Every structure is written in structure tokens, then in C-alpha cells.
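S.K.: Take this structure, written in C-alpha cells, and hold onto it; I'll ask about it next.
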Amino acid sequence: MLRKARGLLGGGTTGTETGTAGAPDGSPAVVTRTLIALCCLFFVLGPVSGLNPAHGTGDRLVTAQNDHFRRWGVVPAELFSGSPEALLTPLTAFFIHGGWLHLLGNLLFLHVFGRILEARLGPARYLLLHAGTGYLALAAFAAADPASDQPLVGASGAVSGVLGAFLLLFPRARVTSLFPFLFFLPLRFPAWVVLPFWFALQWLASYGSAEGSGVAHLAHLTGFLAGFLWAWARHGGAARVSSADRATEGDSQP
């Protein structure tokens, strides 16, 4: 069975909300856009999308998908075997997704929060944060069950790291959220309300989910905490500057 660092949109499984926020004016967000483009490219060309006839159909396609996950995803039993190739899989797994919803959920959050955070940190530090928190998130999940042979794929660990850093640097940035239990009505809340709420849902889901749920909540939690602590250690009390609290989506500042 495939384990996914599930798209942060979450759907009915995690109950997580969708958020949107405006990007800083004039920010090219080169790293964020490149990561999104690469994830889309690998997904479309790979066997999971079903769009590439080279992977065949039926049983042949299923076999190609399983081989794809095992080759590029994190397999805990292999990660801790000492293989140099396996040690790279927490980085390659970022670009591999288990389905369309998995892909789109992750990329939505990366597009929303990543562009703003990249403008604040700069491309180099933002990429370092992304790679570091993503690697740590997947490694932590693998360490929780080191004998498992189930591959783990997805960008959610790294994107959770972006959310954690965003919370510290932009606590009052206003986020439009869609809550399923409120009939998906668009409501606006500051990040310090939305993101801790999302974290709490992940925490509760990590206890309530079944072993076979296929959702790597621990990777989400680890990535979020790693991103938050990285931003705290790097910026400390100087993190929350006035530019971090700019209005989003055309709102005016109070």
C-alpha cells in the first residue's frame, strides 16, 4: 500500500481547509513556480496520471505505478539500510504524487503560501527551508516505522514546513478559508487562527486515523514544526515586521 504525505487540502479525510492569499507585488517567486512546474511535469509524464500511453493500461499500468512509487518514493526499510541511493529519496519523493487530488491539494497550498514566503526569505533560503523541512518530515515518518516497505510520496511535508514558517513570519496575514462543516462558505481569518487550527486537525487525525488510511499525518506535523522552529531560530523576535502583515486579496489594512 502507498502512504502519501497527503495533499494539504485534505478533503473529508483530514478536514483541512483551503486558504488563499495575495502574492507580494512584483515578486517573481521563481523557486515556487519552478517547483510547481516540475511536480506537474513529473506527474503528467509518469504512470499515475494515466495520460502517458507509454506506461500501458490495465495490469501493466498498475505495475508501472507501483514501480514508480518504489523507485522515487521513501521506503523506510530501504532508507535506513545505508544505501546512498535511498538517502536521496526524501528529496525525489517531493515530486511524486499518488493522484490528481494529492497533487492539486499540495500545489494549491504551495502556490498560496510559498510565493509570499519566498519573497520574504529570498530564493536561496526559501529553497533551503523547503528541502530541509521536507527531508526531515519524510525521514521522521520513516523512522516511526523503520521496517515498513510501504513507499511514501508527496510534497506535503515540505509544504507543511512552508506553513510553519509562514505562521511565524506572517501571523496576521489574512487567509480566505473554506470549511466543510460550514458548507464551504468563504471566511477570512488571520494566519494565526487558520494555521494552528490546521495543525490541530492534523494532530487529532494522527491519533484517529487507521493504520491503512494512507495519510502520513506525522510528516505534516514534523514539517510544520520544523518550518516554524527554523523561522524562529533564524529570525526570532525580528520576524514579524510590518511588511509581513500586509493585507491580502485586496483587503485594506485596519
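S.K.: Tell me the label-point distance for the pair Ala233, Leu41, using the 7 Å Cα-to-Cβ offset, in nm and rounded to one decimal.
M.R.: Rounded to a tenth, the inter-label distance reads 3.2 nm.
S.K.: For the pair Asn66 and Arg125, how long in nm is the line joining their label points, each one 7 Å along Cα→Cβ?
M.R.: Output for this residue pair reads 4.6 nm.
S.K.: Among rounded, prolate and oblate, which fits the range 36-175 when a ≥ b ≥ c are the square roots of the eigenvalues of its C-alpha gyration tensor, a/c under 1.5 means rounded, and a/b larger than b/c means prolate?
M.R.: Cα axes put the range 36-175 in the oblate bin.
S.K.: Tell me, what is the per residue accessible area of the range 88-161 in Å², probe radius 1.4 Å?
M.R.: 32
S.K.: With a 1.4 Å probe and every protein chain kept in, tell me what percent of the accessible surface of the range 91-136 is carbon plus sulfur.
M.R.: Solvent-exposed carbon and sulfur of the range 91-136 make up 81 percent of the total.
S.K.: For Ser81 and Phe197, what is the calculated FRET efficiency with R₀ set at 41 Å and r taken between the beta-carbons, to the nearest 0.05?
M.R.: 0.60
The values are calculated or read from the model by the stated rules, or taken from the named source; none is laboratory data. Bear in mind the structure is a predicted one, so any value in this text is a computation, not a measurement. Note: ideal-geometry Cβ built from the backbone for every residue, glycine included; neighbour counts use all protein chains shown. Ligands, DNA and RNA are stripped out before the accessible areas are found, and what is left, the full protein with its side chains, is counted by its heavy atoms. Shrake-Rupley method; radii C 1.70, N 1.55, O 1.52, S 1.80 Å.
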